[in-house]
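So the structure is just underneath, and the comments pick up after that.
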Amino acid sequence: MPSESMIESPLARLSPEEIEAIGAEFDAIHDEVFASLGDKDATYIRTVIALHRQLALLSRAILLGSRYRPAWLLGTSVLGIAKILENMEIGHNVLHGQWDWMADPKINSATWDWDTASPAEAWKHSHNYVHHTFTNIRGKDKDLGYEIMRIDPHQPWHPVYLLQPVYNLLLAAFFEWGVAVHDLDVEAIRAGTKDMDELRRQVRAIGHKAWRQVIKDYVAFPALSGPRGFKTTLTANFTANLIRNVWSYAIIFCGHFPDQTYTFSEEETAEETRGAFYLRQLLGAANIEGSPIFHVLSGNLGYQVEHHLFPDMPSSRYGQIAPKVKEICERHRLPYNTGRFSHQLGTVQRTILRLAFPGGRPAPKPGPYVPPSDDRVTAPLIAV
Amino acid sequence: MPEQGARVHMPRLARYVVRGLEYFTWPLELDDYLELISPLWSTTELRGRIERIHPETDDTVTVDITPGFRWRGHRAGQYLRIGFDIAGKRQWRAYSLSSDAARPDGQITITVKRTADGVVSNWLHGPQATGAIVTLGEVEGEFTLPESTPPRLLFLTAGSGITPVMAMLRGLRRAGELPDTVHLHSARTPTGAIFAAELQALAERDPRYHLELQVTGEQGRLSPADLDDRCPDWRERECYACGPGPMLDALSDHYRAAGLVDRLHVESFEHFVLGDRTGRGGQIRFIRAGTEVECDGVTPILLAGEAAGLDLPYGCRMGICHTCTGRLVEGSVRDLRTGELTHAGTEIRTCVNCPDGPVALEL
């Protein structure tokens, strides 16, 4: 029967000493990676950034002929991929400060801006600070359902959630705008605790970003295609933004909402130690299995667990530390949440549909991590 | 934010064109795309390419750099901040330019002595440096000759202190304005003297230039008292001296005693000396970090903060680059190089200032 603590967290059976020992193991992984950062890492991010810019140029060039159907299709796909790279592997990760160690003022969380409606400043607060600090703490992590969805059975039901399956689809299509509005902290505005000057500043910043994006994608580039190509380039750019929105929605919703993940109450996490912080991140995030290309296109958020353990570690290192994290999980009989993309996304959609209605209970958890036997290992689609 | 290179000055029309094109590139800048063609085309940060590295002595090399845009010039004797990308990380250093500004090939040179654990100097002595792209910062420094060349000059240099003076000599020679000059240069060994051959050749060709090399490993160091002997008319010459701190301190004392302070111009490249300049020390409140730190009267604020585990911005750590600045909200600080006092309400450099009583900083 559902109760306040509907499911027992694996944290409960660990002694404080064990928790701190596990924390020290995670610290060691962090330190080892940061001590070895060098030319290879810098070359990686500079290559991805150059790739994005080349793809963007290529797609814009192809779309000059967007009134021809094959050009429209090809240009839209390439632009969609470019925008995905820019948001996921570059923007999100640079804004986390993953590349600040390079001391390059152009690839730095203090100076970066990205091709999305959310201004970098507001994003860094709502995502880097609020979400990554209070991950999956009910009532504190505003990304748990984004203040508009019932994603956890602990959240009390309200009739408005009956519409959740509909606005879920709208959110997928216009994800960037959803994120921008979410950064404003709608709940605080409603409660009247939001500083009005700050709100004005943030709305103006979103307005400026929206304006530049509308000019670029819906005026400047369409105009470049000439009067006969204006409309087709506009629809191509709109579609590319749509592709990027749906993709980032799908990846991000698979990060914390699949069945395997745990949520926490404020009491459980009061006076949390460093070790317990790591364990909450471990239990609250879920990975997606995929090929190396999948991981780059998802900003390495397929390694959501590793990302939540070490948000400021260069994303290209997550795949490298994943076996060590799994090994820690296996040894301490802890879960390591992971699954195929279709499976993870499927469980998320099922939860969204189920919790639109009253009631519901947390999904059963998979238990301690067991290394897969060979036949369960998914071979990469393309090995690079 | 990390230290940045110098902005390239663009004509107004070019700026308008760039601004227009940035409606297409937003949120990136046009630069971000130009860099795909050549990293030297960056206008938000001036870059240069290391063309050639050639040895001067066993432990010193000269580095030829081609700037991305036409060199905007410098005055001989000034130094340049350069950012080197080494092991993925940008390292900023200040080097005296050893070239004069009027080189027809538009190149600039620095001359770098290898130090035991110098990240940059060792890299410049290695094989990867040639062809590398570097970021060029601002040209700075007051160690320069006046507009009209003094009729009689005295150069006193030691070790790698020769570099800014070499730039002066090259500039004077190119302009055909080399006056009556005495140059006393000290090096530990005869083969360790940087630019020895070029200086020797100049001395043989030009009777106005008189060079004396002091091999300190054999003859011992020059002391200011030797000036009467080595350059009897030193009192009538405009003196430019560059070398280690103690040498410059002794010279300053000597010129002060002779009442000729105005004739002496010095440049030291060692970290500023934490000599007799002290503040009162005090409590530092870092407002943004939410931390309070106790600091004595000889420790720069930056060091005190770092000792307390804070991750503060910094660049040169010698009061040149202004990367470490933070707003002084309360109290006063004292500059450990000049003894100058600064009061609340302005930006201060944490690397060279120490609190004078309790202070609060917007950092």
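The values are calculated or read from the model by the stated rules, or taken from the named source; none is laboratory data. Values in this document were obtained by computation on a predicted structure and should not be read as measured data. Virtual Cβ from ideal backbone geometry, glycine too; neighbours counted across all protein chains shown. Areas reflect the complete protein model, heavy atoms only, side chains present, ligands, DNA and RNA absent. Shrake-Rupley method; radii C 1.70, N 1.55, O 1.52, S 1.80 Å.
Details
- Just one of (1) more than 10 Å from every other protein chain (Cβ to nearest Cβ); (2) part of a helix (DSSP H, G or I); (3) open to solvent by 60 Å² or more (accessible area, probe 1.4 Å); (4) free of Cβ contacts under 8 Å to residues at least 12 places away in the same chain fails for A:Glu8. It is (2).
- Entry remark, the stretch B:34-49: residues being in contact with a Phe, Trp or Tyr (Cβ under 9 Å, 6 or more places away or on another chain) and farther than 19 Å from B:Glu138 by Cβ number 3 in total.
- Single unsatisfied condition, B:Asp100 versus (1) farther than 29 Å from A:Asn108 by Cα; (2) acidic (Asp, Glu); (3) surrounded by fewer than 17 Cβ atoms within 10 Å (Cβ to Cβ): (3)
- Qualifying residue in the stretch A:253-275 (condition: part of a helix (DSSP H, G or I), over 19 Å from the mean Cα position of the chain (by Cα), under 17 Å from A:Pro10 (Cα atoms) and not aromatic (Phe, Trp, Tyr)): yes
- Taking the numbered list (1) within 14 Å of chain A (Cβ to nearest Cβ); (2) closer than 20 Å to B:Gly68 by Cβ; (3) surrounded by fewer than 22 Cβ atoms within 10 Å (Cβ to Cβ) in turn, B:Lys89 passes all entries but (2).
- Taking the numbered list (1) within 14 Å of another protein chain (Cβ to nearest Cβ); (2) open to solvent by 10 Å² or more (accessible area, probe 1.4 Å); (3) touching a Gly at 6+ places or on another chain (Cβ under 6 Å) in turn, A:Arg67 passes all entries but (1).
Residues checked against (1) under 17 Å from B:Thr163 (Cα atoms); (2) in contact with a His (Cβ under 6 Å, 6 or more places away or on another chain); (3) open to solvent by 20 Å² or more (accessible area, probe 1.4 Å):
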| site | (1), (2), (3) |
| --- | --- |
| B:Trp123 | no, no, yes |
| B:Gln128 | no, no, yes |
| B:Val134 | no, no, no |
| B:Glu140 | yes, no, yes |
| B:Ser148 | no, no, yes |
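- Subset of the stretch B:142-162 [over 12 Å from B:Tyr240 (Cα atoms) and not in a loop (DSSP other than H, G, I, E, B)]: B:Gly159, B:Ser160
- Qualifying residue in the stretch B:3-22 (condition: among the hydroxyl-bearing types (Ser, Thr, Tyr), open to solvent by less than 20 Å² (accessible area, probe 1.4 Å) and either in a strand (DSSP E or B) or farther than 30 Å from B:Leu363 by Cα (or both)): no
- Listed by position, the helices (runs of 4 or more DSSP H) contained in the stretch A:127-194 that have at least 1 residues being loosely packed, with under 15 Cβ neighbours inside 10 Å are A:164-173, A:186-191.
- Listed by first and then second residue, the pairs linking a residue in the stretch A:212-239 that is away from chain B (no Cβ under 14 Å) and without any contact (Cβ under 8 Å) to a residue 60 or more places away in the chain to a residue that is open to solvent by 30 Å² or more (accessible area, probe 1.4 Å) and part of a helix (DSSP H, G or I), with Cβ atoms under 6 Å apart and 6 or more places separating them unless they lie on different chains, are A:Leu234/A:Tyr218.
For (1) open to solvent by 10 Å² or more (accessible area, probe 1.4 Å); (2) among the polar types (S, T, N, Q), each residue gets a yes or a no:
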position	(1), (2)
B:Thr291	yes, yes
B:Glu294	yes, no
B:Leu303	yes, no
B:Arg317	yes, no
B:Cys324	no, no
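- Under the condition of being in contact with a Leu (Cβ under 9 Å, 6 or more places away or on another chain) and either part of a loop (DSSP other than H, G, I, E, B) or under 29 Å from B:Gln91 (Cα atoms) (or both), the residues counted in the stretch B:338-354 number 11.
- Test: residue in the stretch B:188-208 that is under 18 Å from B:His74 (Cα atoms) and either touching a strand residue (DSSP E or B) at 6+ places or on another chain (Cβ under 7 Å) or buried (at least 23 other Cβ atoms within 10 Å of the Cβ) (or both): no
- In the stretch A:314-372, of all residues being basic (Lys, Arg) and assigned to a loop (DSSP other than H, G, I, E, B), the one that is nearest to the chain's Cα centre (by Cα) corresponds to A:Lys365.
- Where a residue in the stretch A:32-53 is more than 8 Å from chain B (Cβ to nearest Cβ) and in contact (Cβ under 8 Å) with a residue 40 or more places away in the chain and its partner, wherever it lies, is assigned to a helix (DSSP H, G or I) and acidic (Asp, Glu), with Cβ under 7 Å and at least six apart: A:Val48/A:Glu89
- Residue satisfying all of: in the stretch B:160-196; more than 22 Å from B:Ser121 (Cβ to Cβ) and of a type in the set (A, V, I, L, M); modelled with the lowest pLDDT among these: B:Ala175
- Complete set of residues in the stretch A:91-101 that are more than 11 Å from A:Asn128 (Cα to Cα) and either buried (at least 23 other Cβ atoms within 10 Å of the Cβ) or touching an Asp or Glu at 6+ places or on another chain (Cβ under 8 Å) (or both): A:Gly91, A:Val94, A:Gln98, A:Trp99, A:Asp100
- Test: B:Gly77 is crowded, with 16+ Cβ neighbours inside 10 Å, more than 9 Å from every other protein chain (Cβ to nearest Cβ), at positive phi and in contact with a strand residue (DSSP E or B) (Cβ under 8 Å, 6 or more places away or on another chain): yes
- Single residue of the stretch A:96-116 satisfying the filter (part of a loop (DSSP other than H, G, I, E, B) and aromatic (Phe, Trp, Tyr)) that is nearest to the other protein chains (Cβ to nearest Cβ): A:Trp114
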